[in-house]
Structure formats: C-alpha cells, structure tokens
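The values are calculated or read from the model by the stated rules, or taken from the named source; none is laboratory data. It should be emphasised that the depicted structure is a prediction, and the values quoted were computed from it without experimental measurement. With ideal geometry, Cβ positions are generated from the backbone for all residues, glycine too; neighbour counts draw on all protein chains shown.
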Amino acid sequence: MARPAKKSAAQWTEEILQAAQSLFITKGYEETSVNDIMNVVGGAKGMFYHSFQSKEELLHTLVDEWATQYVRAITLVLCDRELSFSEKLIRIPEVIRQMSQKTEGLEAFFSKSNEALLRRLTDEMTTKLIPVLSSTLQDGVVEGILSINDTNFYASFLVHGALGALSPTNGTPREEIPRKLSYLPELVANTLNINHPDAERR
C-alpha cells in the first residue's frame, strides 16, 4: 500500500486556517482551543506551532484575510463606472451581506463569544476601508454631489458608526443583525444628504 503523501508546510497552514475559520465562527474564538483546531485538521498539536506562534497570531492572519476580501469587494463596487455615486454607497451593505455568506453569516461575527474576533476585524476593516471610502466621498465633492469639508471624518463616522451600532455591546441580538444591516443604505443616504437609488427611480 502506498504511503500517503506528506503535506507541505503551506498545506498545513492552509488547513489550519480553514479549520480555525469554521470553529471561530461556529463555536467562538474564546471557546476554540489549539487542540480543537488540530483535531479537525488531523495533526499533532506541535504542527500548529510550525505555522503559528499562538492562537492570537492565527486570529490576526485570518482577520487580515477577511478584511482584505471585504475591502476588495467593496472597492470593486466603488470603482464601478456603471453605478451612480449614490448607488455605489448604497450597495456596500449588500456586498457585506454577500461576503458574509461565504462564512456562516454576518451575525456570527457579532456573537458574545467572538468579541475578540470582532474587535480585531473592526480594526482591520476600518484601517483598510476608510481611505477607500474617503477617496470616493472626495470624488462626490469634486462632482458637486456632496458638500462636506472633511471626507476622512465622514468615512470614519460611517464605518465606525455602522460597525458600532451592530456590536453586541449595544445589546443587538445576534439574530437581529441581518435586519439591522438593511437599515444602513438609508442611514448612508441621510448622513450624506443624497438620494437613495430607490427614490431616484420613483
């Protein structure tokens, strides 16, 4: 019988990341141990430390990947020349919802057991997204659509405000997250004093 091929270091790392992503979302970051992760992967605990120094480092790697994927998807919408300025901004919550379906649903990030994950994800998202959104708002100013003086402040307000409003620390039940997310297009339109695309069509 042929011996199974040995996994490369890159394969171990990828499998550990995939197992950790599933466990962090379904079980919670705090409740997931390194042993839990390696039981899913099917390797000795020592193999984990060949890829990551700690569970915290693994979390950082995962969150950076998630944030990068979200911001890339949002940037594609913001750079779409077929969309009006207001349509671009209003579509962002839908992009976030679609991206969340690739995991276990956006509400999983906002559970009590994932406060550390959410905090790190929020930090990464704001760092990556605010400059992109600020640039788009500046385009709106140049085009005469917006009348605001500090686009970076508005971008920061929108991102921090949206994520903060959905946080479990504000008492938002996990099952309410999808419904609350649907309010964001109206919030963006009202904050920036632009027409909601649905209103433009009427």
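Just a few scattered comments:
- Screening the candidates Ala155, Ala162 for the property of being at pLDDT below 80, assigned to a helix (DSSP H, G or I), under 22 Å from the mean Cα position of the chain (by Cα) and of a type in the set (A, V, I, L, M, F, W, C) yields one hit, Ala162.
- Residues of the range 46-102 that are over 30 Å from Gly140 (Cα atoms) and aliphatic (A, V, I, L, M): Met47, Leu58, Leu59, Leu62, Val63.
- Considering residues of the range 168-179 that are assigned to a helix (DSSP H, G or I) and buried (at least 16 other Cβ atoms within 10 Å of the Cβ) only, the residue modelled with the lowest pLDDT: Pro168
- Top-ranked residue in the range 107-147 [being within 11 Å of the chain's Cα centre (by Cα) and of a type in the set (S, T, N, Q); ranked as modelled with the lowest pLDDT]: Thr122
- The helices (runs of 4 or more DSSP H) located wholly in the range 1-96 that include 3 or more residues which are in contact with a His (Cβ under 9 Å, 6 or more places away or on another chain) occupy 9-26.
- Whenever a residue of the range 143-161 is aromatic (Phe, Trp, Tyr), its partners that are surrounded by 13 or more Cβ atoms within 10 Å (Cβ to Cβ) and assigned to a helix (DSSP H, G or I), lying with C-beta atoms within less than 6 angstrom and at least six residues away or across chains, give the pairs Tyr154/Leu137.
- Scan of the range 41-78 for residues that are out of contact with any helix residue (DSSP H, G or I) (no Cβ under 6 Å at 6 or more places or on another chain), under 13 Å from Glu14 (Cα atoms) and of a type in the set (Phe, Trp, Tyr), ordered by number: none
- Scanning the range 26-78 for residues that are of a type in the set (Gly, Ala, Ser) and in contact (Cβ under 8 Å) with a residue 24 or more places away in the chain, we see that the one that is surrounded by the most Cβ atoms within 10 Å (Cβ to Cβ) is Ala67.
- Applying the set (1) β-branched (Val, Ile, Thr); (2) under 30 Å from Thr136 (Cα atoms); (3) at pLDDT 80 or above to Ile37 leaves exactly one unmet item: (2).
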